[in-house]
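Visitor: Below is one structure. I have some questions about it.
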Amino acid sequence: MRSEERVADRIIVPLDVPTQAQAIALVEQLPQVSFWKVGLELFVSTGPGILAELKARQKKIFLDLKLHDIPNTLAGACRAVARHGVDLVTIHATAGREALKAAQTAAQDGASEAGHPVPKLLAITLLTSLNSRSLAFDLKIPLELPEYALHMALLAQESGLAGAVCSPQEVEHLRQTCGHEFLLVCPGVRPTWAESGDQRRTLTPHAALQARANYLVIGRPITNAADPPAAFERICAELVGAG
Ligand code: C5P
């Protein structure tokens, strides 16, 4: 059985706030959280200063910038990201094989130049805001959505990426195909006692770990709770023994 401390390390809490002061207030309110996600809104407002603040507090960082560009530009961005010593970074798999390989090599170079561990690059297979209809009619992609998500995850894996972000409903299927070493990180996770908000295809934290997700991204059930530390502890207690 997993200890509560170890399951706590598998929960990533997003800093979905617009300012550095609000982000730091949240980090200080939840000292038991070891892994934080910095997304586009916060990163664009604060710049890399927020990463330094988190590193100074010995926190792990998921930098969710969803990078997407030509190989040379993507490689430059990944080299720069790796110099900040972050742990996870997202890249769109649709950047293509050459760009994904260049990103991976550049991340290794940037990390070794700065003396940090190599960040794990995670593929975005398909934004969950897109559905089967937008895939078929707007993007003109003639594959079913699960087949397309799997195809993009395999492209990322073949290109040397460490893992992918996926919905908890997809995790079991991806795990079976991509094997146990491929990292799967799931947002869209909701405890039974929390509101689902705008997340549609959710699983509970326990079910998502049982489906063999490596990390769960859980935001509003913790950050909007009346007592955020208690909500985090409640989720950890529910996770002991899962996954
Ligand atoms: O509050 P909630 O638990 O829904 O937060 C989930 C976090 O994961 C948010 O930061 C959201 O932007 C992010 N995310 C997501 N779905 C994806 C990728 C990221 O909900 N496919």
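Visitor: Counting other Cβ atoms within 10 Å, which trypsin sites (Lys or Arg not before Pro) in segment 128-202 have at most 10 and lie in a DSSP loop?
Guide: For trypsin sites (Lys or Arg not before Pro) across segment 128-202 that sit outside H, G, I, E and B with at most 10 neighbouring Cβ atoms in 10 Å, the list reads K140.
Visitor: Here is a further query. Using all Cα-Cα distances in segment 104-243, what percent lands in each 10 angstrom bin from 0 up to the longest?
Guide: 11, 34, 32, 20, 3
Visitor: OK, next. Over all directions, average the projected area of the Cα convex hull of segment 82-186 and note it in nm².
Guide: Mean projected area for segment 82-186: 6.6 nm², to one decimal.
Visitor: Here's a follow-up. Kirkwood Rh, the chain, all Cα pairs: how many Å?
Guide: The Cα-based Kirkwood calculation yields 18.3 Å.
Visitor: Could I ask something else about it? Could you grab the relative contact order for the chain? Cα pairs under 8 Å, six or more apart, rounded to a whole percent.
Guide: 18 percent
Visitor: Please identify the chymotrypsin sites (Phe, Trp or Tyr not before Pro) of segment 27-70 that satisfy two criteria: DSSP loop assignment and at most 16 other Cβ atoms within 10 Å. Which are they?
Guide: In loop regions of segment 27-70 (DSSP not H, G, I, E or B), there are no sparsely surrounded chymotrypsin sites (Phe, Trp or Tyr not before Pro).
Visitor: Which one of P187, L122, T19 is farthest out on the positive end of the charge dipole of segment 4-239, using unit charges on Cβ (Lys, Arg +1; Asp, Glu -1) and the Cα centre as origin?
Guide: L122
Visitor: Turning to a different aspect of this structure: Under the rule that an exposed site lies in a DSSP loop and has at most 13 other Cβ atoms within 10 Å, name the longest stretch of the chain with no GluC sites (Glu not before Pro) of that kind, not counting the sites themselves.
Guide: 1-143
Visitor: Roughly how far apart, in whole Å, are the Cα centres of segment 156-177 and segment 23-82?
Guide: 22 Å
Visitor: What number comes out for accessible area per residue over segment 4-239 if the probe is 1.4 Å? Units Å², please.
Guide: 46 Å²
Visitor: Residue by residue, what Karplus-based ³J(HN,Hα) values in Hz, rounded to whole numbers, does segment 103-108 have, using 6.51, -1.76 and 1.60 with θ = phi - 60° and x for Gly and Pro?
Guide: Per-residue couplings from phi come out as 4, 5, 4, 5, 4, 4 Hz.
Visitor: Taking the Cα centre of the chain as the origin, how large is its charge dipole in debye, to the nearest 20, when only Lys and Arg (+1) and Asp and Glu (-1) carry charge on their Cβ atoms?
Guide: Result for the chain is approximately 140 debye, rounded to the nearest 20.
Visitor: Another one. Which one of N131, Q32, M152 has its Cα pushed farthest toward the positive end of the charge dipole of segment 4-239, where Lys and Arg give +1 and Asp and Glu give -1 at the Cβ?
Guide: Highest projection toward the positive end goes to M152.
The values are calculated or read from the model by the stated rules, or taken from the named source; none is laboratory data. Since the structure is predicted, the reported quantities are computational estimates derived from the model, not experimental observations. In this analysis, Cβ positions are derived from the backbone assuming ideal geometry, glycine residues included, and neighbour counts consider all displayed protein chains. Just so you know, the surface numbers come from the protein's heavy atoms only, side chains and all, with ligands and any DNA or RNA stripped out. Shrake-Rupley method; radii C 1.70, N 1.55, O 1.52, S 1.80 Å.
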